[in-house]
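**Student:** My questions will all concern the structure given below.
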Amino acid sequence: MTRIHTAFLSALAATSLAATALPALADHAKDKAHDHEAHDHSHDHDHDHKHDHGDDDIYKGYFDDAQIKPRPLADWEGDWQSVYPLLQSGDLDAVMAHKAAKGDKTAEEYKAYYATGYATDVDRIVFSGDTATFYTGETSVQGRYESDGFEVLTYEKGNRGVRYIFEKVSGDAEAPMFFQFSDHKIAPAKADHYHLYWGDDRAALLKEVTNWPTYYPAALSPADISAEMQAH
């Protein structure tokens, strides 16, 4: 099922958000929406965009509906690591300093902001074929998934994002019924990193813009990831 659904998301900040935890995967994203400004990694841009949308415009959330195409789970194939532990350990401090040099927050304020965004106990995810395996330490849950289309979200600043959605068809009861990718791409292409939303309520996940656990290839070192982030 592929369809385009536009949701207008307010810029009101939520006061707090609990970290995403693997033992509670089945309870994620209950019927509670978080009104929050979409994160500045992609969505917090004032941008006089062109109508001939290139890769940079698409990355920042400016594109035409006709440019959006379905994507297979193979786009996210591989072994992925959460960047939340890197933020906590200080490995991303240079990224926060880089953002502070260009943005309107201090490095400490950016770190607090991303601590909310990146927060999760799921430190590793592996996508292989139609199977997704979620790891918290040595504990894992697994499911088989199929595409459930995509949804287009419109943010407060007028830019947009596409969520590519997959639904569980079999597997562990604790594995989430749905997960939704956001990786700043809108057509088939191999992901270089992504933000993932997961839980049992498809509609509620679309309203979640405060917590966006973020994953990079497991083969990358902390220094590699820091350099990648500073390149954007």
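**Student:** Considering region 149-166 alone, what residues qualify as being over 22 Å from Val122 (Cα atoms) and within 17 Å of the chain's Cα centre (by Cα)?
**Tutor:** Correct list: Gly149, Phe150, Glu151, Val152, Leu153, Thr154, Tyr155, Asn159, Arg160, Gly161, Val162.
**Student:** Quick check on region 205-221. Is at least one of its residues in contact (Cβ under 8 Å) with a residue 24 or more places away in the chain, in contact with a Gly (Cβ under 9 Å, 6 or more places away or on another chain), farther than 17 Å from Gly129 by Cα and in a helix (DSSP H, G or I)?
**Tutor:** Yes, the conditions are met somewhere in region 205-221.
**Student:** Go through Gln67, Gln81 for me and flag whichever is at pLDDT 50 or above, among the polar types (S, T, N, Q) and over 17 Å from the mean Cα position of the chain (by Cα).
**Tutor:** Going through Gln67, Gln81 in turn, just one is at pLDDT 50 or above, among the polar types (S, T, N, Q) and over 17 Å from the mean Cα position of the chain (by Cα): Gln67.
**Student:** Consider Glu156 against the criteria (1) part of a loop (DSSP other than H, G, I, E, B); (2) modelled with pLDDT of 95 or more; (3) buried (at least 16 other Cβ atoms within 10 Å of the Cβ); (4) not hydroxyl-bearing (Ser, Thr, Tyr): it satisfies all of them except one. Which criterion is unmet?
**Tutor:** Only one criterion is unmet by Glu156, namely (2).
**Student:** Give me the helices (runs of 4 or more DSSP H) completely within region 65-153, filtered to those with at least 2 residues that are in contact with a helix residue (DSSP H, G or I) (Cβ under 7 Å, 6 or more places away or on another chain), free of Cβ contacts under 8 Å to residues at least 24 places away in the same chain and more than 14 Å from Phe166 (Cα to Cα), ordered by residue number.
**Tutor:** The qualifying helices (runs of 4 or more DSSP H) are 93-102, 107-118.
**Student:** Sort through Lys185, Lys190 and tell me the only one that's buried (at least 16 other Cβ atoms within 10 Å of the Cβ) and either part of a loop (DSSP other than H, G, I, E, B) or in contact with a strand residue (DSSP E or B) (Cβ under 8 Å, 6 or more places away or on another chain) (or both).
**Tutor:** Unique residue meeting the criteria: Lys185.
The values are calculated or read from the model by the stated rules, or taken from the named source; none is laboratory data. The model shown is predicted, which means the values in this text are computed figures rather than measured ones. Cβ: placed from backbone, ideal geometry, glycine included. Neighbour counts: every protein chain shown.
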